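The values are calculated or read from the model by the stated rules, or taken from the named source; none is laboratory data. Because the structure is predicted, anything quoted here is derived from the model rather than measured. Neighbour counts are summed over all protein chains in view; Cβ atoms, including those assigned to glycine, are modelled from backbone coordinates with ideal geometry.
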Amino acid sequence: MRIAVIGGGAAGLVAAGSATGAEVEVFEHNDKLGKKIYITGKGRCNFTNVCDDETFLSSVVRNAPFLRSALSVFSPYSAVALLEDNGCKTKTERGRRAFPASDKASDVIKALSSYAKANGAQFRLGVDITDISYDGSVFKIAVDGKTETFDRVILCAGGLSYPTTGSDGSAYRFVKKFGHTVIPQTPSLVGLKTNEDLSCAEGLTLKNVSICAEGLKPIFGDAMITSDGISGPVALTLSAYLARREKPYAIYVDFKPALSAEELDARILRDFSAGRNKSFKNVLDGLLPKSIIPFIIERSRIAPDKPVNSVTRNERQALVETLKRLRLEVTGTEGFERAVITCGGVDVKEIYPKTMMSKLCRGLYICGEMLDVDALTGGYNLHIAFATGYAAGVHASGDKYD
């Protein structure tokens, strides 16, 4: 049994290692394996989230039920064991996030490569696949000007996020050729661009805020102001849920989610009383980071030089409304160049969830980021690649298709 694995990333390496007993060749158009893994988690590689299946699936934004079977076979605990067994010690940090003990993503790559090599997989780097066809009995792959035949093909060439790592979406043309539907792709887990000019506070981290959008519960945590919008953990999570929402759309920032509007008003009154001889612009530094104050003043429509003892109740309520529900209009994202993951891909209705085999072409398996499945930050997306790759490898190397 000859199996071609197209893509030498997380899904491909696990597929190559789990396809036991088969003759496996991994095709990678980069000059090294796992290039995207090297930048995961800012080089530390949060490779999974150590939790039970239901907790894991609750963090999958799109098509979580599709993953249930694969996750039941290759759990986060399986991922930890795989790395440990192949020489990569691991650790679990806050939020159940698992990392290599060394904090080096390269150690994860080494372990996954060792796993594949132990199964006899051969790596072919820097190659260019121009076509894949199937004649009803074997697959024919055109690579570097030659045609080679294989019994099975596992496609795991990534999505569109971080195209500089090789995830350029070029492999989607192969699945379309076999009749598959590719759900339009958009960036997910990515910074948001806003219509408002927040450049006065560029680089500012907003601690313990919440952001929401119509129809979405508030998301709590930290956010960061960028040159053209907002990023950081809360914004990235928000972008995952809103990846398919038509732009522009509004989001609302609550700078003081721990306080009710009445409690915030009382706090503001105390600050005004303590600084009753100051101007409005000079009494907010106890409430807000200095760099964001000019923007808040502008949105509150209170004259910056107005003495606080002259600020009316209605003006104060306007300030409370600004701080509790600052409206920003999202006009776009930072794009695939900065997106952690791709939203969209091969329609999972056309894939068997137990095996990752195509329902349209026997012997063709599709896994990893090529699928229309994505999750929040925290190690979930990389584990999705592991679990789907494992399912594909195990079943592609067996005699059964179902």
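Where helices (runs of 4 or more DSSP H) fall entirely within the stretch 60-179, those with at least 1 residues that are touching a Ser or Thr at 6+ places or on another chain (Cβ under 6 Å) and surrounded by fewer than 20 Cβ atoms within 10 Å (Cβ to Cβ) are at 76-85. Listed by position, the strands (runs of 3 or more DSSP E) enclosed by the stretch 307-402 that each have at least 3 residues that are under 27 Å from residue 42 (Cα atoms) are 326-333, 341-346.
On the stretch given as the stretch 354-377, residues that are surrounded by fewer than 21 Cβ atoms within 10 Å (Cβ to Cβ) and within 29 Å of residue 219 (Cβ to Cβ) total 1.
Residues that are over 28 Å from residue 50 (Cα atoms), among the charged types (D, E, K, R), over 17 Å from the mean Cα position of the chain (by Cα) and assigned by TED's automatic domain parsing to the domain that holds residue 274 are absent from the stretch 347-358. Residues that are touching a helix residue (DSSP H, G or I) at 6+ places or on another chain (Cβ under 6 Å), of a type in the set (Ser, Thr, Tyr) and in contact (Cβ under 8 Å) with a residue 24 or more places away in the chain occur in the stretch 109-121; there is at least one. The set of residues from the stretch 253-266 being crowded, with 16+ Cβ neighbours inside 10 Å and either modelled with pLDDT under 95 or not in a loop (DSSP other than H, G, I, E, B) (or both) comprises 253, 254, 264, 265.
Considering only residues that are hydrophobic (A, V, I, L, M, F, W, C) and out of contact with any Asp or Glu (no Cβ under 9 Å at 6 or more places or on another chain), which ones fall in the stretch 198-219? Correct list: 200, 201, 204, 213, 216, 219. Exactly one residue out of 102, 72 is of a type outside the set (Phe, Trp, Tyr), over 21 Å from the mean Cα position of the chain (by Cα) and closer than 23 Å to residue 351 by Cβ: that is 72. Could you check, for the stretch 127-138, whether at least one of its residues is among the aromatic types (Phe, Trp, Tyr), modelled with pLDDT of 95 or more, in contact with a helix residue (DSSP H, G or I) (Cβ under 7 Å, 6 or more places away or on another chain) and not assigned by TED's automatic domain parsing to the domain that holds residue 234? Within the stretch 127-138, not a single residue is among the aromatic types (Phe, Trp, Tyr), modelled with pLDDT of 95 or more, in contact with a helix residue (DSSP H, G or I) (Cβ under 7 Å, 6 or more places away or on another chain) and not assigned by TED's automatic domain parsing to the domain that holds residue 234.
Can you go through 206, 189, 242 and tell me which one is at positive phi, surrounded by 18 or more Cβ atoms within 10 Å (Cβ to Cβ), of a type in the set (A, V, I, L, M) and at pLDDT 95 or above? Exactly one residue qualifies, and that residue is 189. Does residue 16 satisfy being under 12 Å from residue 124 (Cβ atoms), in a helix (DSSP H, G or I) and not β-branched (Val, Ile, Thr)? For residue 16, the condition - under 12 Å from residue 124 (Cβ atoms), in a helix (DSSP H, G or I) and not β-branched (Val, Ile, Thr) - is met. For the stretch 201-211, the criterion of a residue being touching a Leu at 6+ places or on another chain (Cβ under 7 Å), under 26 Å from residue 373 (Cβ atoms), assigned by TED's automatic domain parsing to the domain that holds residue 236 and of a type in the set (Val, Ile, Thr) is satisfied by at least one position. For the stretch 325-349, taking the residues that are within 17 Å of residue 171 (Cβ to Cβ) and out of contact with any helix residue (DSSP H, G or I) (no Cβ under 9 Å at 6 or more places or on another chain), the one that is surrounded by the fewest Cβ atoms within 10 Å (Cβ to Cβ) is identified as 347. Per the listing 89, 42, the residue uniquely touching a Pro at 6+ places or on another chain (Cβ under 8 Å) and either free of Cβ contacts under 8 Å to residues at least 24 places away in the same chain or closer than 19 Å to residue 392 by Cα (or both) is 89.
Of all positions in the stretch 312-321, at least one carries a residue that is within 30 Å of residue 270 (Cβ to Cβ), out of contact with any Gly (no Cβ under 7 Å at 6 or more places or on another chain), in the same structural domain as residue 237 (by TED's automatic domain parsing) and buried (at least 20 other Cβ atoms within 10 Å of the Cβ). Scanning the stretch 180-214 for residues that are part of a loop (DSSP other than H, G, I, E, B) and within 21 Å of the chain's Cα centre (by Cα) yields 189, 190, 191.
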